[in-house]
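The values are calculated or read from the model by the stated rules, or taken from the named source; none is laboratory data. Quantities reported herein were computed from a predicted structural model and do not represent experimental measurements. All Cβ positions, glycine included, derive from the backbone under ideal geometry; neighbour counts span all protein chains shown. Just so you know, the surface numbers come from the protein's heavy atoms only, side chains and all, with ligands and any DNA or RNA stripped out. Shrake-Rupley method; radii C 1.70, N 1.55, O 1.52, S 1.80 Å.
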Amino acid sequence: MCARLPEPDRVVAHSTGRNPNWWSEDLVTWNIRVHDRHARRNLNLSLTVNPVGAYRLEGAAGVQSLESDGRVLVASQVGRGEWTVEAAIALDDFERIGFLDVQRVRAPRPDAPEMRWYWPAPNERATMRFAETSNAPPPAFSHVRSPKADSTPQSAELAWIPRNAWTEQQRSHLQVPTMLSRSLQRRMSDIAEQEKQAWNRVDSRETWERFRDQRLTALGDWIGPMPARTPLHTLVTRRLNLGTGFVTQNLVYESRPGLLVTANLYLPETFAGRIPAIMVVHSHHAPKTQSELQDLGMTWARSGAAVLIPDQLCAGERIQSQPWPRESYYGRYALGTQLLLAGESLMKWMVWDLMRSVDMLSDRPEIDPHRIVMLGAVAGGGDPAAVAAALDPRIAAVIPFNFGEAGPEEHYTEGSREYDFATAWPGWGEWETTRSLPHSAAGQFFPWFLCASVAPRPFLYSFEIGWPIDVEHEPAWTRYKKVFEFYGARDHLDEVHGFGPFPGPGECTNVGSLLRKRIYPILHRWLGVPAPANEYHDPLPDAALACLTPAAAVELQPKPAASIAVDIAKERLASARARKLQLAGLRAALQAKLGDIDPLPNPSVTRLWEKTVAPIVVEAMAIETEPGITLPFYILKPEHPSSNRIPAVLAVAQGGKAQFLVQREHEILNLVRSGIAVCLPDVRGTGEVAATSSRLPGAMEFAVTELMLGWTLPGAQLRDLRTVFHYLKSRPDIDPGHIALWGDSFASTNPDDFAFDQSEMQEAGPFPQHQAEPLGSLLVLLAGLYEDSVTAIAARGGLISFVSVLEDRFSHIPEDVVIPGILEVADVSDIIDAQAQRPVLLERSVDGRNRLDRHSDSHPPTKADLATWLATQCVQTGNRGL
């Protein structure tokens, strides 16, 4: 049996091996009716295979013996624009085939629902007979194998150099692993103290509104203008009335051209006049079809209210990566990163979806537009609900679970608060950008404030589990009461909580029955929302609530969010290029995106030790690039330099000096033997000073926290690199007019035909994937832009462009190279072009999926290796300046 299956998109596959528990993935299934000569009866066999050769054989007793005896062979191959599969089942025990049919399942994509095809046709069977057999040996079958990761070279001649500049005792004294964290915490605490002092001066409605308006302006400046209101093109793709007191409508509408919202609308079976509506923003745990959400919609609709439950971006029918469990987590992470590069944000896109959902409800004749409630479920639903209510005055009341204070669950997981009762904590960096909004600390639009800003509209302070003591012991509650009392609207403020600690038995996926029962009387008091007498529980299968039909997809032509975002980015980049900024203008525009990048004047520098093994001298140094940030670096020099002042190469990478000494030993030795000093610094978050986090991979936690503080981690690292550069220029043994920059990456790349993507934080799939490390390349290109005296730049393993990160719905770049809004100003090529007078060598550049860009393997083309090229530029060319 064989099948050739056209696939213009990448395949969707995760399962491997024999008899897997299938995820939602591309599959082909053969159903076979055979006659077993030994059992003297007919058997139904079903063989299902996915694009990577995973298979499951099901049917009557005896099927397992076929597999255990090796009489089932399966092979698959993914090609360009198709995937193929061949399967063979031993025929020894079968007399005849009664019929055969084939079913293909194409898993859902961001631009298409799940689809199925049948051969020869639905509910038809093809009559078959055995082919003539021969004694020829069977063909060889094999599964697709994973590519091998790049091997790590072993250090030899430089093995005598310690990988760490500090001793363990010194590292402990300096608290090196937490250095970056403590620096960020100090800055965050300073902002929290400033906000507290400003809050303490709020003593009337007038002073509150000045306090409020300043922070709402900061929120608006960060979030940016919303898109134009385009036609919604609402379609009702299915209406279901089971005669149980409610009706469901499956809806599809466009929040912006090409971006579809799928939503279930629950309505009373009968009603008179206009009815209130509750719009539910589900959590990141599960989409609109989750049973708690169905219970909520059905129960309220049976009582006389409308309930709209849309899928949020990256969940349910709005997946953006792969249709796998908890895809919402991974999609939010990847799409959030991509949108930031374009000058957008996932929060903005989610809020706009909710605003357009309010538009859709307000246009319906049965809905009372003055009684639309926003209910944000636990874990990722409360965040956009709160921001939407703060920005859209049409929302009559808001219930944002788990967002009334930054990190409420941490009261249990991390113990008592580290700040006093009167302080509102801004929060901390998370993988989910909607929980830790860029500029939210700098602009002081903290979570509590976003909730309080709706006053005097009703607000329900809501927590999934129980308060550690009671609500009166919650700092935010004291502030909420003060704000609502300014308006004489204390009755518009209430609280709802669950039970137990976190983690604990009170946790729920969206909004549990206990929480709902506590909400009912409050909304009834505020807005006359009917209070259900009883909970209704009879969940429908997901298929009954599916909104995006093939017909709707054909009519509305949905697009993945990334494809819309890349068009926005390209348009903004084209506009920036049309302005033709001169060097000074480009520098200023990029600095506005990067943050504080100016090198520290007269930094404190300490010599740690010096070692010599002929012909190399190594100096270990430490430099303070800002208060609280001290960085180690090595300078490798010829033992007998040819002159008093020698050229130098300043080299930087994510792996730091230790990996340079192992992975680039040959190039370093060649440079030093050519009479050139090599300086290897560990900028913050890298190498010996790599930030440690118990919660998130790499420096993600700290990169996001830096965004909350209004700056960027790459900007701070650029400041580190520039400070070291200026120190090198000041040394009496280094020629300040002959210093080149070298940025590198030690990460393995993904193959050209890489087709089995996962989001970075997702469970591993059938093939290994590698994340890029473009930091070194990015930093040296940026440093060259701002430092006129740089001699030359060599950049290996860097991004070919930031646009390439948005050209696919997956990306494989780390959070700590994200510069929000960079594509509103420039891309990598623009930064290089601005340095046209200076020699720049690009090697092994990668795209946003960490695949080699074959057109830029060496630009400009050169026969010399990187070290020889750098040596030539340093010694022969000297400083060309800008």
Being closer than 17 Å to residue 498 by Cα and not in a loop (DSSP other than H, G, I, E, B) is the filter here, so list the residues in segment 385-406 that pass it. 399, 400
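Table: residues versus (1) touching a residue at least 12 places away in the same chain (Cβ under 8 Å); (2) open to solvent by 10 Å² or more (accessible area, probe 1.4 Å); (3) under 27 Å from residue 567 (Cβ atoms).
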{"position": "751", "(1), (2), (3)": "yes, yes, no"}
{"position": "776", "(1), (2), (3)": "yes, no, no"}
{"position": "782", "(1), (2), (3)": "yes, no, yes"}
{"position": "791", "(1), (2), (3)": "yes, no, no"}
{"position": "795", "(1), (2), (3)": "yes, no, no"}
Of the residues 74, 85, 102, only one is of a type outside the set (S, T, N, Q), part of a strand (DSSP E or B), open to solvent by 20 Å² or more (accessible area, probe 1.4 Å) and at pLDDT 90 or above; which? 102
Can you report the number of residues in segment 509-524 which are open to solvent by 20 Å² or more (accessible area, probe 1.4 Å) and in contact with a helix residue (DSSP H, G or I) (Cβ under 8 Å, 6 or more places away or on another chain)? 2
Hey, does segment 409-419 have a residue that's open to solvent by 10 Å² or more (accessible area, probe 1.4 Å) and closer than 24 Å to residue 211 by Cβ? yes
Which of the residues belonging to segment 460-470 are in contact (Cβ under 8 Å) with a residue 24 or more places away in the chain and more than 18 Å from residue 397 (Cβ to Cβ)? 464, 465, 466, 467, 468
Total residues in segment 339-364, condition surrounded by fewer than 21 Cβ atoms within 10 Å (Cβ to Cβ) and part of a loop (DSSP other than H, G, I, E, B): 3
Considering only segment 422-434, I want to know if a residue exists there that is surrounded by 22 or more Cβ atoms within 10 Å (Cβ to Cβ), assigned to a loop (DSSP other than H, G, I, E, B), hydroxyl-bearing (Ser, Thr, Tyr) and in contact with a Ser or Thr (Cβ under 9 Å, 6 or more places away or on another chain). yes
Residue 165 - would you say it is of a type outside the set (Ser, Thr, Tyr), under 30 Å from residue 656 (Cα atoms), surrounded by 11 or more Cβ atoms within 10 Å (Cβ to Cβ) and modelled with pLDDT of 95 or more? yes
Kindly list the number of the only condition in (1) open to solvent by less than 10 Å² (accessible area, probe 1.4 Å); (2) under 30 Å from residue 363 (Cα atoms) that fails for residue 229. (1)
Name the one entry in 656, 685 that is under 21 Å from residue 429 (Cβ atoms) and within 36 Å of the chain's Cα centre (by Cα). 685
Top-ranked residue of segment 105-125 - restricted to ones that are touching a strand residue (DSSP E or B) at 6+ places or on another chain (Cβ under 8 Å), open to solvent by less than 80 Å² (accessible area, probe 1.4 Å) and in a strand (DSSP E or B), ranked as nearest to residue 252 (Cα to Cα): 112
Please give the number of the condition residue 757 fails out of (1) surrounded by fewer than 20 Cβ atoms within 10 Å (Cβ to Cβ); (2) in a loop (DSSP other than H, G, I, E, B). (1)
Pull up segment 480-497, narrow it to residues that are in contact (Cβ under 8 Å) with a residue 60 or more places away in the chain and not in a helix (DSSP H, G or I), then point me to the one that is surrounded by the most Cβ atoms within 10 Å (Cβ to Cβ). 496
Give the number of residues within segment 584-611 that are touching a Phe, Trp or Tyr at 6+ places or on another chain (Cβ under 8 Å), basic (Lys, Arg) and farther than 14 Å from residue 831 by Cα. 1
Counted residues in segment 722-735 being in a helix (DSSP H, G or I) and either closer than 14 Å to residue 817 by Cβ or open to solvent by 10 Å² or more (accessible area, probe 1.4 Å) (or both) come to 5
Within segment 365-384, is even one residue small (Gly, Ala, Ser), part of a helix (DSSP H, G or I), within 24 Å of the chain's Cα centre (by Cα) and buried (at least 24 other Cβ atoms within 10 Å of the Cβ)? yes
For segment 199-238, name all the residues that are hydrophobic (A, V, I, L, M, F, W, C), without any contact (Cβ under 8 Å) to a residue 40 or more places away in the chain and outside any strand (DSSP E or B). 211, 228
If you scan segment 253-289, which residues turn out to be open to solvent by 30 Å² or more (accessible area, probe 1.4 Å) and either closer than 16 Å to residue 239 by Cβ or of a type outside the set (A, V, I, L, M, F, W, C) (or both)? 257, 269, 270, 271, 273, 274, 285, 287
Considering only residues of segment 174-198 that are without any contact (Cβ under 8 Å) to a residue 24 or more places away in the chain and part of a helix (DSSP H, G or I), which is surrounded by the fewest Cβ atoms within 10 Å (Cβ to Cβ)? 197
Mind checking whether some residue in segment 548-556 is touching a residue at least 60 places away in the same chain (Cβ under 8 Å), of a type in the set (Val, Ile, Thr) and either open to solvent by 70 Å² or more (accessible area, probe 1.4 Å) or under 30 Å from residue 288 (Cα atoms) (or both)? yes
Count, please, the residues in segment 214-256 that happen to be touching a Ser or Thr at 6+ places or on another chain (Cβ under 7 Å) and under 30 Å from residue 446 (Cα atoms). 3
From 297, 336, residue being farther than 18 Å from residue 509 by Cβ, open to solvent by less than 10 Å² (accessible area, probe 1.4 Å) and in contact with a Phe, Trp or Tyr (Cβ under 9 Å, 6 or more places away or on another chain): 336
For segment 574-612, the count of residues that are in contact with a helix residue (DSSP H, G or I) (Cβ under 9 Å, 6 or more places away or on another chain) and farther than 17 Å from residue 728 by Cα equals 16
Check off (1) surrounded by fewer than 22 Cβ atoms within 10 Å (Cβ to Cβ); (2) under 20 Å from residue 579 (Cα atoms) for residue 841 and give me the number that stays unchecked. (2)
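Every residue, every condition in (1) surrounded by fewer than 24 Cβ atoms within 10 Å (Cβ to Cβ); (2) in contact (Cβ under 8 Å) with a residue 12 or more places away in the chain; (3) over 19 Å from residue 572 (Cβ atoms), yes or no:
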| site | (1), (2), (3) |
| --- | --- |
| 769 | yes, yes, yes |
| 786 | yes, yes, yes |
| 806 | no, yes, no |
| 820 | yes, yes, no |
Using the structure shown, decide if residue 294 is within 22 Å of residue 400 (Cα to Cα) and in a loop (DSSP other than H, G, I, E, B). no
Residue 783 meets each of (1) in contact with a helix residue (DSSP H, G or I) (Cβ under 6 Å, 6 or more places away or on another chain); (2) farther than 20 Å from residue 655 by Cα with one exception, condition (2)
